[in-house]
Amino acid sequence: MVLRNPQPASRSRTRMLLADGALAVPLGLIMVVGTFGAAMNPNQVPAPRPLDALTFVFVGLAIAALPARRVLPLSALAVIVAATSAYIALRYPFGPILFAVAVGVYTVASRYPVRRSLPAWALTAVALAVPVTAVQFEWQRWLVELSLLGVFTTAFLAPWAVGTAVRLRRESVQAARTERARDRAYQERLRTAQDVHDIVGHGLAAISMQAGVALHVLDRSPERAREMLASIKATSQDALDELRATLAVFRAPADGAERAPTPGLDQLDGLVNRTIEAGLPVELVRTGEQGHLPASVEMTAYRIVQESLTNVLRHAGPATATVRVEHAAAELLVEVTDTGDGPAETTDAGQGITGMRARAAAVGGTLEAGPGRDGGFAVRARLPVELR
């Protein structure tokens, strides 16, 4: 059983009570003073009952319910409507006590869906219409009286509509925020899956080739086989270390684990050397002057080279590869070509090419993959030096 800490909810309720209590003070003052003003209005028909202590009992009840309007919206509205209905039934002057009803209706509409707030408004209208009809309805003016009664009851549709609009807006903002959070989580999972695919795929491809060489020379050259086994050990250890660093992002921040830096262009030499040790001759060519690049662009370039070399190991057969990295003024050009057979279909090299395109697009770049100009297979990526 999971026990939840009730303190945050309790603090939130306390804050709402205090905030609405602060609102109730000026509104209550207006209601009390306005009640005196309404009593002095000589144009009310029929003449209202003089003010007395009971008057302010009802006004006080309506005011006292306001601080609880967001904590207990329906209960607060029920108290306000009951006090207001009794106030009207006893023929006290129409006055600002109706402000409390408007606030209560607005709050219910802003906190509950229409299926609950609309019946609450309807019950409020009926509860107020009954005493109003009993107090001042005159059959001689029945048409006028019905019209006035309709205006009186539907007047509270305005705060209901405003409250409903506020609730819909709040829910829309929350839904958009939730969707953005869900999308960020999905993108993070996708990025991690791509990293795991690249790390594990490259490591296994290198190990597979090294193991094949070791088996081939085991009887004729045990020393060479021993070198291949040592390379397998080093390759697997490097892959495990990189995999641990990648998966460390899922650890809680409080665990104190330090995050390993993301791979970048400065690690290309190590990647190329490991690939050479796996049995694939690779030439690394750098041109241009390297300036400051965003970490995401450097990591994207590294992963593209890593996945491209993995595909050469897997699909090209006996081949050589060339990695070209050109630093231009506005973009970073990355090209990996090989002299092998390439994948059987250029549109399907596992998930690798699709993942590389997604990586390039994520930083605002492009990637092309297909047969090379002089045979073999080529991967060309253009990545911006500044994120847009």
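Tabulated data
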{"read-out": "Residues being more than 22 Å from GLN194 (Cβ to Cβ) and either surrounded by 16 or more Cβ atoms within 10 Å (Cβ to Cβ) or not assigned by TED's automatic domain parsing to the domain that holds LEU367 (or both) - total across the range 314-323", "value": "2"}
{"read-out": "Selection count, the range 277-313, where residues are surrounded by fewer than 20 Cβ atoms within 10 Å (Cβ to Cβ) and not in a loop (DSSP other than H, G, I, E, B)", "value": "8"}
{"read-out": "Yes/no for PRO318 being modelled with pLDDT under 80, under 29 Å from LEU229 (Cα atoms) and touching a Lys or Arg at 6+ places or on another chain (Cβ under 9 Å)", "value": "no"}
{"read-out": "Pairs with Cβ under 6 Å, 6+ apart, first in the range 352-374 and surrounded by 18 or more Cβ atoms within 10 Å (Cβ to Cβ) and modelled with pLDDT under 80, second in a helix (DSSP H, G or I) and among the hydrophobic types (A, V, I, L, M, F, W, C)", "value": "none"}
{"read-out": "Identity of the residue in the range 235-249, of a type in the set (Gly, Ala, Ser) and at pLDDT below 75, that ends up surrounded by the fewest Cβ atoms within 10 Å (Cβ to Cβ)", "value": "ALA248"}
{"read-out": "In the range 37-67, the residues that are at pLDDT 90 or above and small (Gly, Ala, Ser)", "value": "ALA53, GLY60, ALA62, ALA64, ALA65"}
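Quick grid of which residues meet (1) acidic (Asp, Glu); (2) under 30 Å from VAL114 (Cβ atoms); (3) in the same structural domain as LEU118 (by TED's automatic domain parsing); (4) not in a helix (DSSP H, G or I):
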site	(1), (2), (3), (4)
MET16	no, yes, yes, no
LEU23	no, yes, yes, no
THR35	no, no, yes, no
ARG49	no, no, yes, yes
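Matching residues to (1) at pLDDT 85 or above; (2) under 19 Å from ARG91 (Cα atoms):
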| residue | (1), (2) |
| --- | --- |
| ALA120 | yes, no |
| LEU123 | yes, no |
| ALA127 | yes, yes |
| THR133 | no, yes |
| LEU146 | no, yes |
| PHE152 | no, yes |
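The values are calculated or read from the model by the stated rules, or taken from the named source; none is laboratory data. Not measured: the values here are computed from a predicted model. Methodologically, a virtual Cβ is constructed for each residue, glycine included, from the backbone with ideal geometry; neighbour enumeration extends over all protein chains shown.
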